[in-house]
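The values are calculated or read from the model by the stated rules, or taken from the named source; none is laboratory data. What you see is a predicted model, and the numbers here were worked out from it, not measured in a lab. No Cβ is skipped: glycine too gets one built from the backbone with ideal geometry, and neighbour counts run over all protein chains shown. We work out accessible area using only protein heavy atoms, side chains counted, and drop any ligands, DNA or RNA first. Shrake-Rupley method; radii C 1.70, N 1.55, O 1.52, S 1.80 Å.
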Amino acid sequence: MRVLVAGATGAVGRQLVPRLEACGHEVVGLSRRGPGPVDVLDAGAVRRAVAEAAPDAVVHQLTDLGAADGAANNRVRVEGTRNLVDAAIGAGVRRVVAQSISWAYAPGDGPADESVPLDPTDEAPRSRIVAGVRALEETVAELPEAVVLRYGILYGPGTWYAPGGAVAAALAGAPGARFLGSTAADDAVSSFVHVADAAEAAVRALGWPSGAYNVVDDEPAPGHAWLPVLAEALRVPAPARSEGGAPWARGAVNARARALGWDPARPSWRTGFADRDPG
């Protein structure tokens, strides 16, 4: 299969491309940075790039997180996805696999499965984040075969949670450390996934039925549980425990992806945070 990877130089993309090639796929990379960059916000440039690539499938891993600018990342989700999907439709592509997130669900008790609706909140800034996610997922669903991967918080090489990354800097008290997330050791529950496991899910998703899938590890956990483990792995001070947490911060379950054969090599952040193997 000829696969266009949009976001080939990102944290997931760098793990994904060699996996696709190892499976025998022919890969064409599209990126906002690196050699031959394509501005995903330029509809004409995207249309030309996709038409030239003539892929059988598109894997959408595009983000704009380098400056921890939520508005910029949301623009990629909305406008960039629109441009990519229009270009794919114009090139006759039927299948798309797209990166989404697993923390946009409505509040509730216990970790969310894919039947839980996205959060209907009108409270900013969360309402803008969820609106961007909803736009992305609805747009990719315009293709006949659309798989949405709702990733947990990504950790591992190239992420904010890597050694020497923005989260380590924030926990160490470095001024100006920027990332979109929390270092509160509270009751808010999160789900994580290593970038290598996220990439493996994207490879497998090329053969999955259309729909949304939580791509998370096996252990949703509150901040007061995972933050001390992360801090130890990063060799920085752990924050003091605090109370409370957002009601939507409930984590997610991965039963649907596991039922299709996805088996994360790092099933828990408890050991994954300390694992220095990039693959």
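Below is a table of values for the structure above.
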read-out	value
FRET efficiency, 1/(1 + (r/R0)^6) with R0 30 Å, evaluated for ALA265 and ALA51 via beta carbons	0.25
Which of GLY261, THR271, ALA174, positive extreme of dipole for region 166-279 (C-beta unit charges)	ALA174
Positive-pole candidate from LEU41, GLY251, TRP208, dipole of the chain, charges at beta carbon	LEU41
Accessible area expressed per residue, region 1-146, with surrounding protein chains retained (probe 1.4 Å, Å²)	45 Å²
Where region 195-266 is the region considered: accessible area per residue in Å², 1.4 Å probe	41 Å²
Listed residues ALA246, ALA106, ALA225, most fluctuating in the chain (Gaussian network, C-alpha, under 10 Å)	ALA246
Beta bridges by DSSP in the chain, antiparallel share as percent, to the nearest 5	10 percent
Charged-residue dipole, Cβ positions (Lys, Arg, Asp, Glu), the chain about Cα centre, Debye nearest 20	520 debye
Region 144-214: projected area of the alpha-carbon convex hull, averaged over directions, in nm²	6.0 nm²
Cα-Cα pairs of region 21-87 separated by more than 17 Å (percent)	43 percent
Equivalent-ellipsoid semi-axes of region 9-124, from the Cα gyration tensor, Å, largest first	27, 17, 15
Residues listed by number, region 193-211, amide nitrogen under 19 Å from ASP218 label point at 7 Å toward C-beta	193-201
